[in-house]
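Inspection log for the structure reproduced underneath, given as structure tokens.
Only the coordinates and a few stated rules stand behind these numbers; no lab work does. Bear in mind the structure is a predicted one, so any value in this text is a computation, not a measurement. Cβ placement follows ideal geometry from the backbone for every residue including glycine, while neighbour counts extend to all protein chains displayed.
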Amino acid sequence: MDVLSSFRLLRSDIMRPGGRLSPISDKFNSMFAERGWREKGFDTRMVVDKVEMLSPTHKVDCYKNRVAIEIEWNNKDPFYDRDLNNFRLLFELRVISVGIIITRCDELQEVFDGLGKGASYGASTTHMSKLLPRIEGGGGGGCPILVFGISRRLYVED
């Protein structure tokens, strides 16, 4: 809760080019890491009639105390399917108790457009209206899913 309540979406972070990881995602990861959260992969496998098959999961951005967090700031929207499926599997294996996704609210598109960055944050990227139908359609299976949307109220002209 401390990370979420102290986060601010800075103009300078939006304007700074990303790379593998956007400055916004990197900021979240760093804030969680300072509090003991770590990126985590799980060594999963299935055994059928003594035949073992590896079944690796996708790494979770932040993990601690059976809580898995994914930060989806500006990926392609199929990443939500990957995250929800991963949460479902890890919940069914009794590894996590809840999955959390931090993403952006659709209303931020107006901010991006105003900054001339609208093309970088298009309709096929991760935002709330792409996530909610997947959850409502059962994408997370039985895993409890908690979603936080970064809204315009957190935007700061720095």
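Tell me, what is the percent relative contact order of the chain, built from C-alpha pairs under 8 Å that lie six or more residues apart?
25 percent
Report the extension gain between residue 135 and residue 53 in nm, rounded to one decimal, defined as 0.36 nm multiplied by the number of residues separating them, less their alpha carbon distance.
Working: separation 82, 0.36 × 82 = 29.52 nm, distance 2.88 nm.
Taking residue 135 through residue 53 to full extension adds about 26.6 nm, to one decimal.
Please compute the Cα-Cα pair-distance distribution of the chain with 5 Å bins starting at 0, giving whole percents from short to long.
Values per bin, smallest distances first: 2, 9, 17, 21, 19, 15, 9, 5, 2, 1, 1, 0, 0.
Sorted from fewest to most neighbouring beta carbons within 10 Å, what does the list 154, 131 look like?
Values: 154 16, 131 23.
By the 10 Å Cβ count, ascending: 154, 131.
Taking the Cα centre of the chain as origin and charging only Cβ (+1 Lys, Arg; -1 Asp, Glu), how large is the dipole, in debye to the nearest 20?
Here the chain has a charge dipole of around 300 debye.
Mind jotting down the distance between the C-alpha centroids of the range 1-77 and the range 87-158, whole Å?
So the two Cα centres are separated by 13 Å.
List the chymotrypsin sites (Phe, Trp or Tyr not before Pro) within the range 1-50 that DSSP assigns to loop and that have no more than 16 neighbouring Cβ atoms inside 10 Å. Walk me through the intermediate numbers first.
Working: sites: 7, 28, 32, 37, 42; in loops: 7, 37, 42.
Qualifying residues, ordered by number: 7.
If we restrict to alpha carbons, what Rg and Dmax does the range 64-129 come to, in Å?
14.3, 45
Ignoring everything except DSSP H segments at least 4 long, calculate the 222 nm mean residue ellipticity for the chain; use -39,500 (n - 2.57) per segment, divide by total residues, nearest 500.
Roughly -9000 deg cm²/dmol at 222 nm, from the helical runs in the chain.
So if each residue of separation counts as 0.36 nm, and I subtract the Cα-Cα distance between residue 115 and residue 5, what length gain in nm does that give?
37.2 nm
Do any of 76/117; 40/117; 27/130; 27/117 go past 27 Å between their Cα atoms, and which? Intermediate values should be presented prior to the final figure.
Working: 76/117 16 Å; 40/117 32 Å; 27/130 23 Å; 27/117 19 Å.
Violating the 27 Å Cα-Cα cut-off are 40/117.
Can you give the local net charge around residue 68? Use residues other than it whose beta-carbon is closer than 12 angstrom to its beta-carbon, Lys and Arg +1, Asp and Glu -1. Walk me through the intermediate numbers first.
On the way: positive: 38, 40, 59, 64, 66, 88; negative: 39, 61, 70, 83.
Local charge sum for residue 68: +2.
Specify the longest stretch of the chain that does not include any exposed loop site, a site being one of the trypsin sites (Lys or Arg not before Pro) with a non-H, G, I, E, B DSSP assignment and at most 16 other Cβ atoms within 10 Å.
Segment 118-158 is the longest.
Report the label-to-label distance for residue 45 and residue 107 in nanometres (one decimal), using points 7 Å from each Cα along the Cα→Cβ vector.
Modelled inter-label distance: 5.0 nm.
Sort out the exposed loop GluC sites (Glu not before Pro) in the chain (DSSP loop, at most 13 other Cβ within 10 Å) and tell me the longest stretch that has none. Before the final figure, lay out the partial values.
On the way: sites that count: 34, 157.
Value returned for the longest uninterrupted segment is 35-156.
Which whole-Hz couplings ³J(HN,Hα) result when phi for each residue of the range 105-115 is put into the Karplus expression 6.51 cos²θ - 1.76 cosθ + 1.60, θ = phi - 60°, listed in order with x for Gly and Pro?
Coupling constants for the range 105-115: 6, 4, 4, 5, 4, 5, 5, 4, 4, x, 8 Hz.
Could you line up 1, 53, 128 from fewest to most neighbouring Cβ atoms inside 10 Å?
Numbers: 1 5, 53 9, 128 18.
Arranged by neighbour count, lowest to highest, 1, 53, 128 become 1, 53, 128.
Rounded to the nearest 5, what % of DSSP beta bridges with both residues in the chain are antiparallel?
Around 45 percent of the beta bridges assigned by DSSP in the chain are antiparallel ones.
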